[in-house]
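As structure tokens, the structure follows; a few thoughts come after it.
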Ligand code: ADP
């Protein structure tokens, strides 16, 4: 027992990567010597002072981790020394040595900031135990300080902005990158309301949402926001991620928001879209002209054709039509991505639009013996939208339903109201979509590849155009599908977007 106790102080001294500096302040030479010898043996660096004044002078000159302080000394009392040390060197641990360890004394010294006390006479073992406890305490404090400083350096050198608030939306931490992003030159923002520095309502709303997130949910709130500056400085686009932080009982203590400047990425994306649009635009006119000339030849206006020649020209004409469709889709995607397409909005009667589109596709459906009908629901259902866009949505969904249905199927198109939403539905009895592909069909260039769809031409862009248009109108699109039974696409527009 004794040996293991004895070893434990040695271990603590070795564990700490510094040599603990101990000062013994005691007028009794016997105690000074005993403490010094024992603690030296244990690996501590020990110095002594025979009175309070000398002790304080030594503490002023260099840092001590632990002070063993006698309470009863001639001249300056131990309590006075303790008060002074705690006021000027709060990190120093003070262990009080007292000849009469009464309860009142212990309480008073503890109140003044003593870490522990030793009652005279004490055994070497008692001294070892109290010193190793103090070293343990210093080590914990050091670990916390090291961790804090590491975090501070990390957060301050991050190129991403970091903002932390408490649950009253007061700033608890704001790193230099964040302050630069919002163009804030003020040095001390800590403790101020976040709304004093951030005016963007979406961002304030995200922080609010994070702070009020229910206990059972831990979700990251993400969005892209644009920060504008009053001076000539260009706007910047920031990818924002906001999450709550909690205590052990899962109470929200505040929010952490990370800001990533994505202006350059967005610019590159825009350049890429512009380039694609430019190429698509440039190839569309020559393709149309080739197609027209092929048709002239195919119609026999340039002389008689053999069956074989007709077949070859027909195949070429079909391939060129596919290429024209691809360039049209690429142009549409480009327009949607640059936000150009749906700026002009008007009140549209969805019932009318559906009727027109169904009429337009009737012949194409009939050529495959497909029954194309509208379901009678409301007389009118109004949507505030862009006519070309909504027509394109209907046209894409109906033409897909025809293309992905075998001969002799049925397609139904209708609009109705459901849960405060205006809903457009296009349902078919066609090939259906494999379950595993459902989550991808709205991705750009995605096509279901199996033996039933391989021979059907397409670009894989139609549904991604549909989704972009729907989202630009604040709507959502859903699909239900079963292989060989058919598919049903439903588009929901929120109440704000439509009137009845
Ligand atoms: P495309 O039709 O040009 O390939 P889309 O983006 O319009 O591109 O559609 C993506 C894929 O989703 C299609 O390749 C097809 O496999 C599948 N799909 C779309 N609509 C239907 C439908 N009504 N029935 C079955 N599959 C469909």
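Table for the structure above
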{"quantity": "C-alpha long axis of helix 78-88 to longest principal axis of the chain, angle in °", "calculated": "30 degrees"}
{"quantity": "Ranked list, fewest to most other Cβ atoms within 10 Å of each Cβ, for 437, 329, 420", "calculated": "420, 437, 329"}
{"quantity": "Spherically averaged projected area of the chain from its Cα convex hull (nm²)", "calculated": "39.6 nm²"}
{"quantity": "Whole-number percent relative contact order across the chain, with pairs defined as alpha carbons under 8 Å at least 6 apart", "calculated": "8 percent"}
{"quantity": "With Cα atoms, 0 to 90° folded angle of helix 387-403 axis to the chain main axis", "calculated": "70 degrees"}
{"quantity": "Cα→Cβ-extended label distance, 7 Å offset, between residue 228 and residue 208, nm", "calculated": "2.1 nm"}
{"quantity": "Percentage, to the nearest whole number, of Cα pairs in region 85-238 over 24 Å apart", "calculated": "57 percent"}
{"quantity": "Sorted by Cβ density within 10 Å, fewest first, the residues 417, 111, 335", "calculated": "111, 417, 335"}
{"quantity": "Net length gained if the chain between residue 72 and residue 306 were fully extended (0.36 nm per residue, minus Cα distance)", "calculated": "71.9 nm"}
{"quantity": "Cα→Cβ-extended label distance, 7 Å offset, between residue 313 and residue 29, nm", "calculated": "12.6 nm"}
{"quantity": "Histogram of C-alpha separations across region 432-500, 5 Å bin width, %", "calculated": "3, 15, 22, 25, 16, 9, 6, 3, 1"}
{"quantity": "Rounded to 10°, Cα long-axis angle of helix 124-157 versus longest principal axis of the chain", "calculated": "30 degrees"}
{"quantity": "Ratio Rg/Rh [Cα only; Rh per Kirkwood] for region 293-405", "calculated": "1.09"}
{"quantity": "Cα-based Rg of region 158-261 normalised by 2.2 N^0.38 Å, two decimals", "calculated": "1.05"}
{"quantity": "Over region 345-494: Rg over Rh, Cα atoms, Kirkwood Rh", "calculated": "0.94"}
{"quantity": "Euclidean distance of C-alpha centroids, region 247-312 and region 50-72, integer Å", "calculated": "79 Å"}
{"quantity": "Peptide ranges 426-435, 79-88, 277-286 listed from the most packed, as the mean C-beta count within 10 angstrom indicates", "calculated": "426-435, 79-88, 277-286"}
{"quantity": "Per-q log10 I(q)/I(0), region 2-151, q = 0.11, 0.16, 0.19, 0.20 Å⁻¹ (Debye; single scatterer per alpha-carbon; no solvent)", "calculated": "-0.39, -0.84, -1.19, -1.31"}
{"quantity": "Residue exposure sequence - 187, 57 - by fewest surrounding Cβ within 10 Å", "calculated": "187, 57"}
{"quantity": "Whole-number D in µm²/s for region 266-338 (Stokes-Einstein; Kirkwood sum over Cα pairs; 20 °C, 1.002 mPa s)", "calculated": "156 µm²/s"}
{"quantity": "Per-residue [θ]222 nm for the chain (sum of -39500 (n - 2.57) over DSSP H runs n ≥ 4, rounded to 500)", "calculated": "-14500 deg cm²/dmol"}
{"quantity": "Label point distance in nm, residue 419-residue 142, each placed 7 Å from Cα along Cα→Cβ", "calculated": "5.9 nm"}
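Readers should treat all values here as calculations from the given coordinates under stated rules, not as data from a laboratory. What you are looking at is a predicted structure, and each value in this text was computed from that prediction instead of being measured. Cβ sites come from the backbone with ideal geometry, for glycine too, and all protein chains shown count toward neighbours.
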